[in-house]
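A short worksheet on the structure shown next.
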Amino acid sequence: MVPKVTRRLQNKLIFAFVVVLLIPTGIISFYSLRTAASTLIQKIGAEELRTLVSQANDIEKRLIDVKEDLIFLSLAPPTRRYASIINGLPDPNDVYRDAEVALLRTFLDRSTIHQYLDFRIIDLAGQELLHVDSTGEILSSEDDVNVAGEAYFNQAIGLPSTQVFISDYDLVRTEGVIEQPYVPILYYSVPLEVDGANVAVLVAKVSLEPLFWDITSRSAAPIFLVNRDGSYLINPDSNRLYGRILNTFVTFDGERSREDVITMFGSDQGIITQSSDMPDSLQVFVHIRPETQISIRWLLIRAIPISAILGEVNATQQVAILLSLISLLAAILVAVLLTRSIVRPIRQLSEVADSVRQGRWDVIVPGTGGRDEIGHLADAFDGMLRELKSVYGSLEARVASRTAELSSANLKLSEANRKAEEASRAKSLFLSNMSHELRTPLNVIIGYSHSILVMPQMFNNVPIPETYRPYLKLIEDNGHYLIGLINDILDLSKIEAGRLELAPTMVDLPEIFRGVLATATGLLKDKALQLRPDYPEDLPPVWADPMRVRQITLNLLSNAVKFTNSGSITLRAQVTDEVWVSISVIDTGIGIPEDARTVIFDRFRQISSGKFSEIEGTGLGLDISKQLSQLHGGDLTVASEVGKGSKFTFTLPVATAEQRESAAAPALLNESFTIFERSGLLDQEVCSILLVEDEVSMRELLRRALEVAGYIVIDTHDGGQVMELALGLLPNLIILDVNLPHVSGWDVIAQLKGDPATADIPVIVCTASTDRTRAAVLGAADFIAKPATPEQVIDVVRERLLRVER
Amino acid sequence: MGYILLVEDNKDNADMIIHILTSARYEVRHFTRGLPAAREARRDMPELILMDFNLPDVDGRTLSLVLAQQLGGSSAPPIIACTARVGSVEAKLAERFGCSAFLRKPFSPEDLLTLVQRFVAPPVRSD
């Protein structure tokens, strides 16, 4: 499975690009914007300050204009003449007074610029002498109005001529009560001198409203005018005005922080400030002091909202952001293109690697021949791929050759195996044949030596010289010994080949034991040993191969005789666990040391120390006996004590009820012969068939099939033998393949039919040739065309035999 | 008086068996090959057949069965298989192929006589 290629590398690269680009852009933008803002603030602040200063100058100028008006008025001839009247000069028909009123009226008319609300002339006692209001009406003097306590009077009365007193601000009042709406005013007062002495004071009440209107209207930004006592004269919030006079205690120093108060009141020059009191605004302030010695000292403050200032900066900022975005897009584009130029070849390479991994070698590596690093990578990859391809190719070739070697080795092995099996079979066959071949001459040796010894009637009763007797006996004994050896070797080869078969039947143990004990007695010779049978006569029959039971028992007994010089040997048998009979041979012999007990069952082993070596034997007996016991389902075990004796025990299964029923009558047994009860098998007529077929496999096949069908089959491949076999066996039927080597099948038929002994035997011709007529003419009973199945052949055979019977 | 048909290819063994049997006054006709022996048996029925299974011209087991059939089935003369192949299976097969007894080589003269006497009474000494 190819892992899904997510474009992680590309994404990483693009991200890195963007980050790398954004950071400086951001820093630069931020820094430049900061710088721009502060520069702008400073610039705007400076501009504002300049404006404010000029405004302040205007205000001062206008305040001083009024002062100059009053100086002019005080020096104007009508006023001087009116002052003289006060000083006692007669004024017939109030001519001078009227002149003076006329003069004052001209100033009242000019109130569009300086709004003079009224003029008053007040004598030294504080009594109003003349009062002209804004309408130009001459107001009648009121005796009860005395202004001697007012600052504008008592401050001005002491002043030298042409010196003007300007009062603190006040509000218009009517008979001492402040009028509403509030109208801020200033009193200007100047002394009137006659002959070097002040005789009266000219007081002008000036409305500040036009001035204040002018100030506020000229500024879009909030503007504040603060009196020296802290009262607001101008404030966007009209409720905060005139704190001192209205006793609202709303004052600048009450509202603003100490820093602001100190900064603004404490410095002479105008200052630009950004205070914590109005963090959103840039404040510019200047002092207004038209006359240093008098009471006006104002603070003019403009608060310009930072947002307004930064509006421009914001615009710049937007442009900057826009530019940043554009450059960001450009950066991403560049990054995408760049990373694609890096990542795409890498991805293609990885795809190629995947293909190769899946075994597709015929891929072309893209991007080779490039001059950059990727190109080199592709080249290197291509080279590696070629190398891999060649290595892989040689590897495959090597695997193929190794596989071939392996299979040939396997072939050899199986051949060797087959040969080994063949050899094993050959060995078994050889041993079997050899034992047979050895037995046949031994039969003569033993037979004659024994006959000479014990059967003089065979030799016309001529006695043998006694000198020969023991030697003849030696020949006979050694003959028997040889037979024992041959039997053992044959058994062992069968055991090794796994071909030792038992012929189990119901076995009457006491009967076997009688024979065995008789033989064992013969083995005792001159040894002073007692053979003791110790078993009940009514032992249940066991299911065993009687020959083998005899063999085991005899082997154990003869061993016991060998290794016991005095005392007794007991043959004991008893039922154990109800289903087993255990048979023990107990001796009082030399015993077997513990470490040797396991070895005694080993093939070809005999305990090789001391006395044992004197004792002859193949050493196969115990091994074979153990194997035979195990083949019967039991086992052979040993218990022994050195110097006291040994006990060998083997077990055999008690015959089950089923086995007892199935078994024929126990075979009569002798060491040399077995007599059978002739079974009823012979009562049924079994037909014999002579099968003549030269092809081995066909012959085997037909023979087996016919035997299974219940016929006795004698087969041959040799046409030359047919006549002899037919004459000797007189079979019920002959199956003949006419295509025989050396001899013509047709001739064989003719021969058979020509001899009266065999002429009646029906012949079934079985051939690939189609010469049915010839077969019929020659007297063949049937004709089977090859190829034919065994079933077809059997059918024809059965049919023919039935007809012959009738 | 009938005779014993001996089929045995080993001449020394055959001689010894003949020697033993004739010393017990049995009449023995000996064949080294099975097929002529069979013809003889059919021609002149013997009292007992003593046959080696290992014959040069024909399988002794098959021959014994064929003969047992041809000589009267269950009433045929007893056949004693006499062989050097002594396994239990061999004995079983002999029983299956119609033999009455199985004689293992080597056997002692007494064993042979004991066995033969079980089937054919020893002839009375005429001299």
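The values are calculated or read from the model by the stated rules, or taken from the named source; none is laboratory data. This structure is a prediction, so every number in the text was calculated from the model and none was measured. So basically every Cβ, Gly included, is an ideal-geometry build from the backbone, and we count neighbours across all protein chains shown.
Checking each residue in region A:428-483 for being of a type in the set (Gly, Ala, Ser) and either assigned by TED's automatic domain parsing to the domain that holds A:SER558 or in contact (Cβ under 8 Å) with a residue 24 or more places away in the chain (or both) picks out A:SER428, A:SER432, A:SER435, A:SER449, A:GLY479. Taking each residue of region A:708-719 that is part of a loop (DSSP other than H, G, I, E, B) and modelled with pLDDT under 90 and looking for partners that are surrounded by fewer than 18 Cβ atoms within 10 Å (Cβ to Cβ) and not aliphatic (A, V, I, L, M) with beta-carbon atoms closer than 6 Å, six or more apart or interchain, yields A:HIS717/A:ASP694. A single member of B:ALA37, B:ALA41, B:ALA24, B:ALA68 is touching a residue at least 60 places away in the same chain (Cβ under 8 Å) and of a type in the set (A, V, I, L, M), and it is B:ALA24.
Does A:VAL177 count as β-branched (Val, Ile, Thr) and without any contact (Cβ under 8 Å) to a residue 24 or more places away in the chain?
Details: β-branched (Val, Ile, Thr): yes; without any contact (Cβ under 8 Å) to a residue 24 or more places away in the chain: yes.
Here the answer is yes, as A:VAL177 does meet what is asked.
Could we say that A:TYR448 is within 30 Å of B:ILE18 (Cα to Cα) and away from chain B (no Cβ under 12 Å) here? No: the conditions fail for A:TYR448. Quick check on my filter: what residues within region A:245-274 are at pLDDT below 75 and part of a loop (DSSP other than H, G, I, E, B)? Answer for region A:245-274, where residues must be at pLDDT below 75 and part of a loop (DSSP other than H, G, I, E, B): A:SER267, A:ASP268, A:GLN269, A:GLY270, A:GLN274. Of everything in region A:761-806, what is at pLDDT 80 or above and among the polar types (S, T, N, Q)? Give them in sequence order. A:THR767, A:THR773, A:THR789, A:GLN792, listed by residue number. Of the strands (runs of 3 or more DSSP E) lying entirely inside region B:33-127, those containing at least 2 residues that are out of contact with any Phe, Trp or Tyr (no Cβ under 7 Å at 6 or more places or on another chain) and more than 8 Å from chain A (Cβ to nearest Cβ) are B:48-52, B:79-83. Consider region B:1-15 and keep the residues that are in contact (Cβ under 8 Å) with a residue 12 or more places away in the chain and facing another protein chain (nearest Cβ under 8 Å). The one that is surrounded by the most Cβ atoms within 10 Å (Cβ to Cβ) is B:ASN13.
Only one residue in A:ALA788, A:ALA768, A:ALA776 is surrounded by fewer than 18 Cβ atoms within 10 Å (Cβ to Cβ) and in contact with a Lys or Arg (Cβ under 6 Å, 6 or more places away or on another chain), so which one is that? Break it down into steps so the answer makes sense when it comes.
Values: A:ALA788 fails: in contact with a Lys or Arg (Cβ under 6 Å, 6 or more places away or on another chain); A:ALA776 fails: in contact with a Lys or Arg (Cβ under 6 Å, 6 or more places away or on another chain).
Step by step, each of A:ALA788, A:ALA768, A:ALA776 is checked, and only A:ALA768 is surrounded by fewer than 18 Cβ atoms within 10 Å (Cβ to Cβ) and in contact with a Lys or Arg (Cβ under 6 Å, 6 or more places away or on another chain).
Of everything listed in (1) among the polar types (S, T, N, Q); (2) modelled with pLDDT of 90 or more; (3) surrounded by fewer than 20 Cβ atoms within 10 Å (Cβ to Cβ), the single unmet condition for A:THR553 is (3).
Please verify whether A:LEU474 is surrounded by 13 or more Cβ atoms within 10 Å (Cβ to Cβ), part of a helix (DSSP H, G or I) and either under 60 Å from the mean Cα position of the chain (by Cα) or not polar (S, T, N, Q) (or both), treating the condition exactly as stated. It is false that A:LEU474 is surrounded by 13 or more Cβ atoms within 10 Å (Cβ to Cβ), part of a helix (DSSP H, G or I) and either under 60 Å from the mean Cα position of the chain (by Cα) or not polar (S, T, N, Q) (or both).
What residue, of A:LEU411, A:LEU310, A:LEU323, A:LEU349, is within 43 Å of the chain's Cα centre (by Cα) and assigned to a helix (DSSP H, G or I)?
Testing whether each residue is within 43 Å of the chain's Cα centre (by Cα) and assigned to a helix (DSSP H, G or I) leaves just A:LEU349.
The condition of being at pLDDT below 85 and touching a Lys or Arg at 6+ places or on another chain (Cβ under 8 Å) does not hold for A:GLY680. Restricted to region A:493-562, the set of strands (runs of 3 or more DSSP E) holding at least 1 residues that are over 25 Å from B:PHE102 (Cβ atoms) comprises A:528-534.
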